[in-house]
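A.B. asks: Have a look at this one.
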Amino acid sequence: MQIISVINQKGGVGKTTTVINLAAGLSHQDKKILVIDLDPQGNATTGLGLSNTDNSTDTIYDVLNGTKEISEVIKKTEFENLDMISSNVDLSGLEVETADDGNRAFILKLKLTAYLKDSGSLYDYILIDCPPSLSLLTVMALVSSHSLVVPLQTEFFALEGLTQLMKTIERIKVSLNPDLKIRGILLTMYDKRNKLSSQVEKEARDYFNDKVYSTVIPRNVRLSEAPSHGMPVLIYDKSCRVVDLILVLQMNLLIKKQLWGVLHNGLK
Ligand code: ATP
Ligand code: MG
């Protein structure tokens, strides 16, 4: 069982899209998947067809504030092999509410560990969708995960935020989660007509070498439409040309043995 967080503190780079579609791709391969929506925006929740508006008391917030256990808040999605723990705006209060708890960075890890101990290995992968910040919630995800996938939008400034992210990951490795690995960097929203996309790709590959997945996710309308229908693109439009890429990427994730440590130096 692997716990993988999809992380980048930059907003709108394709984290949630990656989580939803990787989850769908892996569940298609008969892998049992649990998606945890760790973002108060609740985009992964709606993107997988569940509600993020109700005043429910069975979200990830209720686990992190100590009211519920993981097993009590897991919900079935309408997709086979794909369960989720939803989120809503309540989660935005957690940071203030837990201010006095010196161990709060470990709450998610402890809850997950207890759940996994009790339930055995029901899931092959737990995928965590992180919020666009380096806040408590992101630290919780970093502390709880075995490895990370970092989506990088092929736009200007994309690489700048990455330096800060790498420093944060390194800090977490040193102090809170020594085994944390980065699986790979995923280039997203690639537009082959735009010179900037190929420039950012070149810079990323020059710097991170084979750590950047060879599969690149292009800008694709179907991919952006699918969440408003509450479904992964694999189900929304099987014939969409991006589906093959997602399947390749997901195979990559399954077979890629090589994980890498964190780079210490910032980007030049
Ligand atoms: P946030 O930081 O707010 O959580 P995010 O990093 O999770 O954002 P997404 O929500 O996945 O990013 O994507 C941002 C927007 O871009 C969404 O409207 C999404 O539908 C769209 N999008 C993501 N990937 C693609 C793509 N390959 N082609 C076209 N649109 C995309
Ligand atoms: Mg998101």
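A.B. asks: Quick one: what are the phi-derived ³J(HN,Hα) couplings along segment 71-83, Karplus 6.51/-1.76/1.60 with θ = phi - 60°, whole Hz, x for glycine and proline?
C.D. replies: 4, 7, 10, 6, 10, 7, 9, 7, 9, 5, 6, 10, 10
A.B. asks: Based on Cβ point charges of +1 for Lys and Arg and -1 for Asp and Glu, what charge dipole magnitude is obtained for segment 2-255 about its Cα centre, in debye rounded to the nearest 20?
C.D. replies: So the magnitude is around 920 debye.
A.B. asks: DSSP loop chymotrypsin sites (Phe, Trp or Tyr not before Pro) in segment 133-239 with at most 13 other Cβ atoms within 10 Å of their Cβ, which ones?
C.D. replies: Qualifying residues, ordered by number: 156, 157.
A.B. asks: Amide H neighbours of residue 133 under 5 Å, at least 5 residues apart or on other chains, H built in the peptide plane: list them.
C.D. replies: Counting only residues 5 or more places away or on other chains, the set is empty.
A.B. asks: What are the extents of the Cα atoms of the chain along their three principal axes, listed from largest to smallest and rounded to whole Å?
C.D. replies: Principal extents (Cα only, largest first): 50, 42, 31 Å.
A.B. asks: Aspartates and glutamates near residue 192 by alpha-carbon distance under 18 Å, same-chain residues fewer than 8 away left out - which ones?
C.D. replies: 155, 201, 203, 244
A.B. asks: What nm distance separates the two modelled labels at residue 80 and residue 117, each placed 7 Å from Cα along Cα→Cβ?
C.D. replies: Reported label-point gap for residue 80 and residue 117 is 3.5 nm.
A.B. asks: Let me ask you something else. How do 130, 240 rank when sorted from fewest to most other Cβ atoms within 10 Å of their own Cβ?
C.D. replies: Values: 130 28, 240 18.
Ascending number of Cβ neighbours within 10 Å: 240, 130.
A.B. asks: What value, in deg cm²/dmol to 500, does the helix sum -39500 (n - 2.57) over DSSP H runs of n ≥ 4 give at 222 nm once divided by the residues of the chain?
C.D. replies: -11500 deg cm²/dmol
A.B. asks: Then there is this: Please report the antiparallel percentage of the DSSP beta bridges confined to the chain, to the nearest 5.
C.D. replies: Taking every DSSP beta bridge with both residues in the chain, the antiparallel ones total about 10 percent.
A.B. asks: While we're on this one: Can you tell me the relative contact order of segment 161-243? Whole percent, Cα pairs under 8 Å, sequence separation 6 or more.
C.D. replies: Reported relative contact order: 24 percent.
A.B. asks: Oh, and also: Taking amide H positions as placed in the peptide plane 1.01 Å from N, state which residues far from residue 35 in sequence (5 or more) or on other chains have amide H under 5 Å from it.
C.D. replies: 83, 84, 85, 127
A.B. asks: I've got another one for you. Fewest to most neighbouring Cβ within 10 Å: what's the order for 126, 74?
C.D. replies: So the residues, fewest neighbours to most, are 74, 126.
A.B. asks: Students often check this: by mean Cβ neighbours within 10 Å, which of 5-11, 62-68 ranks highest, and how do the rest follow? Each step should come with its number before you reach the end.
C.D. replies: Working: 5-11: 22.9, 62-68: 17.1.
With the highest mean Cβ count within 10 Å placed first, the list reads 5-11, 62-68.
A.B. asks: Just to be sure I follow the rule: in segment 1-159, considering lysines 8 or more places apart or on different chains, how many pairs have Cα atoms under 24 Å apart?
C.D. replies: Close lysine pairs under the 24 Å cut-off: 29.
A.B. asks: A follow-up question, please. Measure out, as a whole number of angstrom, how far apart the alpha-carbon centroids of segment 185-226 and segment 7-49 sit.
C.D. replies: Going from one Cα centre to the other spans 18 Å.
A.B. asks: Lys/Arg Cβ at +1, Asp/Glu Cβ at -1, dipole of the chain taken about the Cα centre: which of 126, 22, 140 is farthest positive-ward?
C.D. replies: Farthest along the dipole direction, towards plus: 22.
A.B. asks: Quick one: what are the phi-derived ³J(HN,Hα) couplings along segment 7-17, Karplus 6.51/-1.76/1.60 with θ = phi - 60°, whole Hz, x for glycine and proline?
C.D. replies: The phi angles translate into 9, 5, 6, 6, x, x, 9, x, 4, 5, 4 Hz.
A.B. asks: Pairs of Cα atoms under 8 Å, at least six residues apart: use those to get the relative contact order of the chain, whole percent.
C.D. replies: 26 percent
A.B. asks: Work out from phi, with θ = phi - 60° and the Karplus expression 6.51 cos²θ - 1.76 cosθ + 1.60, the ³J(HN,Hα) of each residue of segment 139-147, listed in order in whole Hz, and give x for Gly and Pro.
C.D. replies: Per residue, the Karplus-derived 3J(HN,Hα) values read 4, 4, 5, 5, 5, 8, 8, 7, 8 Hz.
None of the figures in this text is laboratory data; all of them are computed from the coordinates on show. Not measured: the values here are computed from a predicted model. Backbone-built Cβ (ideal geometry, glycine too); neighbour counts: all protein chains shown.
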